[in-house]
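Only one structure is covered here, and it is reproduced in the block below.
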Amino acid sequence: MGKLSGLRHLFMTLFLHNFASFMVIPAITDVTMAALCPGRDECSLAIYISGFQQAIIGLGSFVMMPLVGNLSDKYGRKALLTVPITLTIFPLAILAYSRTRSFFYAYYILKILTAMFCEGSVHCLSLAYVADNVPEGRRASAFGILSGIGSCAFVCGTLSTRFLSTASTFQVSTAMAMLSAVYMRVFLPDSIINDNLSTPIISEGKSDDVANQNEEPGKKMQVFKTMLSMEDMLALLKSSNLADVGLHASLLYYLKARFHFNKDQFADLMVITGVAGTISQLLLMPILAPALGEERLLSVGLFFSSAHMIFYSIAWSFWVPYAAAMFSLFYVFSQPCIRSIVSKQIGPCEQLCSCPKERHFISPVSVLCASGLPR
């Protein structure tokens, strides 16, 4: 447990950031509907612009993740974590101030611009931070704990929304986002990597020596040459879990139109999902991963993920979504297993970005974070 205890500041940073991000999810549907279609439970415009937002953010993230990976290799994980954690504050602050139509559109545009860099990059950089500091044989458990921390933040954030007004929800979220940025800058050390795990990242006191070793005279890291080609993008999009992403993008609007759910019902539903996922990832995953292996757990997770989507699509009564939410006890296995499998297939210095000593230019882990897989 020594290696895992050394990640406590990363876990706290991720918890605070996810708490701020997740607690607004139950409220944003009502805010969008009130701004665009006041007094109505059905609004095609809200669904269309939300879908457009998700598509642009997804494509932007898909392009940015390999670039983020390369920049973190050059400047360090902590420096790159600072950017998305800080940028997350500004869209939340807009809705904390006002939720009228004009402020909503300002939030909408700023959210698209910032989320193209922020969406998934915090979690992706956190995964690489864990991979830097945890031996290969224990990564599945570590990734499961990291996902469990996210689930804990999901539960706490959505549960707090249940007892707050809409205005207070965005104000508290903004304050927590600011706290996460301050905590990360003060307490989180940059990756201190075991030589047996990967090549060192530039660190304080040794940056000049490392730079001289890694950069030949007259040659600099070609960050922008590592971007994915169009052919790579199309191939990855075809193999991505777009169905799951599409479900999450439209689910809340479907439940509001079908069963007249509001912020409180959304929060209740998400708390059930989060509690089940947290129990699974923090208690079951560390036990089952070494015993059964990632491949078998991945099969179990994918099966229940499919069943989860099917039950939502045929929901005939208001209690069916609550029952389907319990499937998160098992479908949360899929993401930590996929990440562990990918992490073991690549070299130590490729966990997030390219290795300057070798000719590897595409980061499988960073692409995985941006290829349609939910964070």
- line: SASA check, Thr86, accessible area w/ 1.4 Å probe, all protein chains in place, rounded to nearest 10 Å², comes out at 50
Virtual spin-label span in nm between Tyr48 and Thr82, 7 Å along Cα→Cβ: 4.3
task: Could you provide, to the nearest whole Å², the per residue accessible area of segment 1-90 with probe 1.4 Å?
output: 39
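How much length is gained if the chain between Val182 and Ala167 is pulled fully straight, taking 0.36 nm per residue apart and subtracting their Cα-Cα distance, in nm to one decimal?
Full-extension gain reported as 3.1 nm.
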message: Can you give me the solvent accessible area of Leu87 with a 1.4 Å probe, rounded to the nearest 10 Å²?
response: 50
- request: Give the calculated FRET efficiency between Phe318 and Glu136 to the nearest 0.05, with a Förster radius of 51 Å applied to their Cβ-Cβ distance.
  value: 0.65
Backbone N under 18 Å from the Arg101 label point (7 Å along Cα→Cβ), restricted to segment 23-67: 30-50
- request: For segment 96-112, just list the computed ³J(HN,Hα) in residue order, Karplus coefficients 6.51, -1.76 and 1.60, θ = phi - 60°, integers in Hz, with x standing in for Gly and Pro.
  value: 5, 7, 7, 10, 6, 4, 5, 5, 5, 5, 4, 4, 4, 5, 5, 4, 4
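Round to a whole number: what % of the accessible area of segment 47-97 belongs to carbon and sulfur, probe 1.4 Å?
76
Can you give the translational diffusion coefficient of segment 78-157 in µm²/s, computed by Stokes-Einstein from the Kirkwood radius over Cα pairs at 4 °C and 1.567 mPa s?
90
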- line: HN-Hα couplings for segment 169-183 via Karplus (6.51, -1.76, 1.60; θ = phi - 60°), in whole Hz with x for Gly/Pro, come out as 4, 6, 5, 5, 4, 4, 5, 5, 5, 5, 4, 5, 5, 5, 4
field: Mean-position separation - Cα centroids, segment 261-339 and segment 176-192, in angstrom
entry: 30
- prompt: Of Leu127, Leu59, Ile47, which is farthest on the positive side of the dipole of segment 27-127, counting Cα position, with +1 on Lys and Arg Cβ, -1 on Asp and Glu Cβ, and the Cα centre as origin?
  reply: Leu127
query: So for the pair Phe311, Leu59, with labels modelled 7 Å out along Cα→Cβ, what separation do we get in nm?
result: 3.5
Ordering of 279-285, 91-97 by packing [mean C-beta count within 10 Å, highest first]: 91-97, 279-285
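The values are calculated or read from the model by the stated rules, or taken from the named source; none is laboratory data. Model, not experiment: these values are computed from the prediction. When we count neighbours, we look across all protein chains shown, and the Cβ atoms used for this are built from the backbone with ideal geometry, even at glycine. To get the accessible areas, we keep the full protein, side chains included, count just its heavy atoms, and leave off ligands, DNA and RNA. Shrake-Rupley method; radii C 1.70, N 1.55, O 1.52, S 1.80 Å.
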